[in-house]
Amino acid sequence: MIPQNQPVCWVVGAGDFDAIDFSPRPGDLVIAADGGYVHLTGLGITPDILLGDFDSLDTVPDFPNIVRHPVRKDDGDTALAVKLGLERGFRAFALYGGLGGERLDHSLANIQTLAWLAQQGASGWLVGRGQVVTVIENASLRFDPACHGFLSVFCHGAHASGVTLRQLKFPLENAELDSRVPLGLSNEFIGGAAEVSVQQGTLVVVWQGRPSQAQLFI
């Protein structure tokens, strides 16, 4: 999870937006990625930076701090916002408006962005309606004992070895996961401080539930 004393870069995209527990703190950075600007202004929140190619907006807003990109580019707006946050020194990211809806391709691209973040030694959470996704690489992840709901773990890449799941309904110890077999689908929290770890490889961790900010930031 994200330490409470660590500043967070909040990125809001144009997709489905669940504003529950969206509460940036002093010292955090808020980036509106293209149409995410509409979500934020609807909440009365002014982002620090407005970034994108603006294909999701009818007009480019009159905003003092705009980072504009061409429509034809290699990265999506969310990935560009994440890279900007890294350049500004942030190592923890909360991504909203980038999961669910009609654009599965954008959801997958944002999960790949999480994998890229993990490769950089940073952490990111993709927050959707009733679900949260994160990615870990050669690392471990601990959950607040109050967490409940389903937890699924998938291999991102050919293989992941030394996979351990503890304090979950279906534990694993030093197992190997394969990207072609969904062995980690639909596990469950059982009330303890659950832990997911991988010695070698990358895991996509999907939490089906509605976490509070206290459970995301520990």
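The values are calculated or read from the model by the stated rules, or taken from the named source; none is laboratory data. Computed from a predicted structure; not experimentally measured. Cβ atoms come from the backbone with ideal geometry, glycine included; neighbour counts cover every protein chain shown.
Mind listing whichever residues of the stretch 128-151 are among the hydroxyl-bearing types (Ser, Thr, Tyr) and either closer than 23 Å to PHE17 by Cβ or buried (at least 22 other Cβ atoms within 10 Å of the Cβ) (or both)?
Step one: of the stretch 128-151, the residues among the hydroxyl-bearing types (Ser, Thr, Tyr) are 134, 140.
THR134 - this is the single residue of the stretch 128-151 that is among the hydroxyl-bearing types (Ser, Thr, Tyr) and either closer than 23 Å to PHE17 by Cβ or buried (at least 22 other Cβ atoms within 10 Å of the Cβ) (or both).
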Inset, instruction - Of all residues in the stretch 87-127, count the ones that are closer than 14 Å to PHE17 by Cα, of a type in the set (Gly, Ala, Ser) and over 9 Å from the mean Cα position of the chain (by Cα). - result: 4
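Restricting to the stretch 174-188, what's the tally of residues that are outside any loop (DSSP other than H, G, I, E, B), modelled with pLDDT of 95 or more and at negative phi?
Looking only at the stretch 174-188, we keep the residues that are outside any loop (DSSP other than H, G, I, E, B), and these are 174-178, 187-188.
Then keep just the ones that are modelled with pLDDT of 95 or more; that gives 174-177, 187-188.
In the following step, the residues that additionally are at negative phi were identified as 175-177, 187-188.
The number of residues fulfilling the criteria is 5.
Name the one entry in GLY162, GLY149, GLY101 that is in contact with an Asp or Glu (Cβ under 9 Å, 6 or more places away or on another chain) and outside the structural domain of GLU195 (by TED's automatic domain parsing).
Details: GLY162 fails: outside the structural domain of GLU195 (by TED's automatic domain parsing); GLY149 fails: outside the structural domain of GLU195 (by TED's automatic domain parsing).
Matching residue, one of GLY162, GLY149, GLY101: GLY101.
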Inset, instruction - Kindly indicate whether LEU104 is in contact with a Ser or Thr (Cβ under 8 Å, 6 or more places away or on another chain) and without any contact (Cβ under 8 Å) to a residue 40 or more places away in the chain. - result: no
Legend entry - Residue among ALA160, ALA175, ALA193, ALA146 that is farther than 25 Å from ALA81 by Cα, touching a Pro at 6+ places or on another chain (Cβ under 6 Å) and small (Gly, Ala, Ser): ALA193
Inset, instruction - Please find, within the stretch 51-72, the residue that is modelled with the lowest pLDDT out of those that are within 18 Å of GLY15 (Cα to Cα) and surrounded by 15 or more Cβ atoms within 10 Å (Cβ to Cβ). - result: LEU57
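Does LEU185 qualify as being surrounded by 14 or more Cβ atoms within 10 Å (Cβ to Cβ) and touching a strand residue (DSSP E or B) at 6+ places or on another chain (Cβ under 7 Å)?
Working: surrounded by 14 or more Cβ atoms within 10 Å (Cβ to Cβ): no; touching a strand residue (DSSP E or B) at 6+ places or on another chain (Cβ under 7 Å): yes.
Answer is no for this residue.
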